[in-house]
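Bear in mind that the values in this text are calculations on the coordinates, not laboratory data. The structure presented is a predicted model; accordingly, all values stated were derived computationally and were not measured. Here the Cβ positions follow ideal geometry from the backbone for every residue, glycine too, while neighbour counts run over all protein chains shown.
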Amino acid sequence: MTTVQAVSFDDKTVLKYLDQATDADLDALEFGVIGFDPEGVVRRYNTLESTMAGLSLQRVIGNPLFTVVAPCMNNYLVAQRFEDAAASGSALDATIDYVLTLRMRPLKVKLRLLAAPGVTTRFVLINRRA
Amino acid sequence: MLSEQEDEFEALTQFLYMAPIGLMQTRMDGEIVMINAASAQLLMPLSRDGELANLFTVLEDVAPDLEHRVRSFEPRHGMVCDSVHVQVGPGTSGGRKNAQILSLSLLKLDSERLMAVLGDATESVTRDRELRQSQAWINIIVTGITDYALLSVDDQGRVQSWNPSIARVTGFEADATQGRSYAMFYPNDGIMAQRVLDRLHEADANGWSLDEGWRQRADGTRFWGSCLIAPLQGVDESKPEERVYSLIIRDISDRREANEALRRSVLCDHLTGLANRGAFFEAAELELQRWGRVPRPLSLVVIDADHFKVVNDTYGHAAGDAVLRHLAAGLVATFRTVDVVARLGGEEFVVLLPDTTLEGAEAVAERLCQSIAAVAVDVDGTPIRYTVSAGVAEMEAGVSGLDALIKRADAALYSAKAKGRDRVECWSAGVVHPASAAQTA
């Protein structure tokens, strides 16, 4: 990375930043970013996440997150929390320990789940330096 | 632009991500080497420490005998277990709750590698259970290999009239039979008055009620029999007090071994031979339904071997297993046939006692504690002494279900441990489980 990170994984205002960030902005971040719409379709995917997952953007963008990109999050620990937040119209900002299985290896990470009323895109941030 | 090879690799990667079934490769000690997304989806809710480093550790609470099964599997390669059902929580689920029943297969690839296949079997098991009942019912009706007794009973389970088939199968003559409860065909502690009525209610609700187990002849000898109860009219067609049921008793002793082997493989804990979690939750839920219909005393005891880790660390795994088997035998000897005795996981056991008050259950648990503390287990010439602690709780109106009842008994168990172990504690409103928040998280 040649640029200084504009925002950190645990920054309080990260959702606001991500919502307005360009693709280049997301690529400059040192954590994985997946943004998806209310239907669960992936709209944002940064280069770091693409590299780590071994999936190129064209395989991911426009596809459903919880079935095609990250089925491992399709349980009450992750997917359900986004649904609950949407159903109750409340904001979601939770950081949880999780294990990803990218490239078939168990990898401990911290996930930050972000959603807010009035922000169309929801985000999962992946910090591998957990 | 991706090369063709890279593109293919990427497609393969995504294929594994999307596979709707869990796939893992582990070492013989359970360490996970490769794991796909569906596995993580199913296993993460079970992981206590938030890690997926070792399959046996993640499943320790719900399938404690996995490592034992793998260790005792001698062939160099082959199926260690094939679609074994692992009961995670009680009952069935809807929505995106975590899976309640997992299906697990373990294939030994060679002396160092295991392949694991994991699926969510919650729905299929529920369907299977219904199907199994229907099949059992059809079997009873159409296969006439051995003799059967056919009789009719009234709404209280009393035999209405005698016929020669009763004497042929059970040896009971007319004057010993008429007007008496069908409980006479069960060994002394095999069925209770309330259970006699429960089965009639279940027959009303489901169209039949079937149970298999020891039955008793007039001369006191036992045979392995099945009892099928079916209402003779539809529920709406008659007043409750005029209801009549047919009862078919069959001597199936010749099928007992085959049935038992099948039953054991599905319902029993591999190490101790006690009921496993799945069998326990199924039996306990039925008992709670009965309680919901007609509340009556119903108690639950959780039992935990004290300082079990020390036994394992000091004497080794095999000795630990021997202690668990010894404790299981003690449980079987202490509790009644109608009690549901099961291994919940690790060194934790549970017993559900129908028709038993808190005080009654406490007394039996006390007896168990004393009998365990009184003798040493002989493991290859080494005497090992150990003790157990127990927590007791009784079902009552404020308890929402099986989970809540177990939590109460757990809280009492925690209190018994805190007070110095080797003792029995009963749940009361004052007993708080300091670790309960952490445990349910």
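Counting other beta carbons within 10 Å of each residue's own, what order do B:Thr382, B:Thr177, A:Thr101 fall into, fewest first?
Listed from fewest to most nearby Cβ atoms, that is B:Thr382, B:Thr177, A:Thr101.
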Can you tell me how much longer the chain between B:Glu366 and B:Gln178 gets when fully stretched, taken as 0.36 nm per residue apart minus their C-alpha distance, in nm with one decimal? 63.6 nm
Cα-only Rg/Rh for the stretch B:268-440 with Kirkwood Rh rounds to 0.96
I need A:Phe123, B:Phe308 ordered by Cβ neighbour count within 10 Å, fewest first. B:Phe308, A:Phe123
Across chain B, what fraction of all alpha-carbon pairs, as a whole percent, falls in each successive 10 Å bin from zero upward? 4, 18, 26, 25, 17, 8, 2, 1, 0, 0
Taking r as the C-beta separation of A:Arg129 and A:Tyr76 and R0 as 41 Å, the FRET efficiency to the nearest 0.05 is 0.95
Would you list the P(r) distribution for the stretch B:147-251, with all Cα-Cα distances sorted into 10 Å bins from 0 and each bin expressed as a whole %? 16, 53, 27, 4
Identify all lysines with a Cα-Cα distance to B:Lys309 below 16 Å; exclude those on the same chain that are fewer than 8 residues away in sequence. B:Lys417
Exposure proxy check on B:Cys268, A:Cys72: fewest-to-most Cβ neighbours within 10 Å is B:Cys268, A:Cys72
Mind checking which lysines have their Cα closer than 20 Å to the Cα of A:Lys12? Skip sequence neighbours fewer than 8 apart in that chain. A:Lys110
To make sure I understand the rule: partners must be aspartates and glutamates, Cα under 18 Å from the Cα of B:Lys239, and not fewer than 8 residues away in the same chain. Which ones qualify? B:Asp154, B:Asp155, B:Asp198, B:Glu202, B:Asp204
Distant-in-sequence amide H partners of B:Leu232 (H built 1.01 Å from N, under 5 Å): B:Val244, B:Tyr245, B:Ser246
Where in chain B are the DSSP H helices whose C-alpha atoms run 27 Å or more along the long axis and whose mean Kyte hydropathy is at least -1.0? B:122-142
Three semi-axes of the equivalent ellipsoid, chain A, Cα gyration tensor, whole Å, largest first: 19, 18, 15
To the nearest 0.05, how large is the calculated FRET efficiency for B:Asp254 and B:Ala218 if R₀ is 22 Å and r is the Cβ-Cβ distance? 0.55
Charges at C-beta only: +1 for Lys and Arg, -1 for Asp and Glu. How large is the resulting dipole of the protein assembly as shown about its Cα centre, in Debye rounded to 20? 340 debye
Quick check on the stretch B:276-336: what are the equivalent-ellipsoid semi-axes from the Cα gyration tensor, as sqrt(5λ), descending, whole Å? 32, 11, 10
Measuring from centroid to centroid over Cα atoms, what is the spacing of the stretch A:21-95 and the stretch B:23-44 in Å? 23 Å
Cβ-Cβ FRET estimate between B:Arg325 and B:Glu8, R0 fixed at 60 Å, reported to 0.05: 0.70
Inter-chain shielding metric for B:40-53, i.e. average beta-carbon neighbours from other chains within 10 angstrom, reads 5
Please work out how much length the chain gains when fully extended from B:Val33 to B:Gln289, using 0.36 nm per residue of separation minus the C-alpha to C-alpha distance, in nm with one decimal. 87.8 nm
Tell me the mean residue ellipticity at 222 nm calculated for chain B from its helices only (DSSP H runs of n ≥ 4, each -39500 (n - 2.57), averaged over every residue, nearest 500). -12000 deg cm²/dmol
Between B:Phe15 and A:Thr95, what is the label-to-label distance in nm when each label sits 7 Å out along the Cα-to-Cβ direction? 3.9 nm
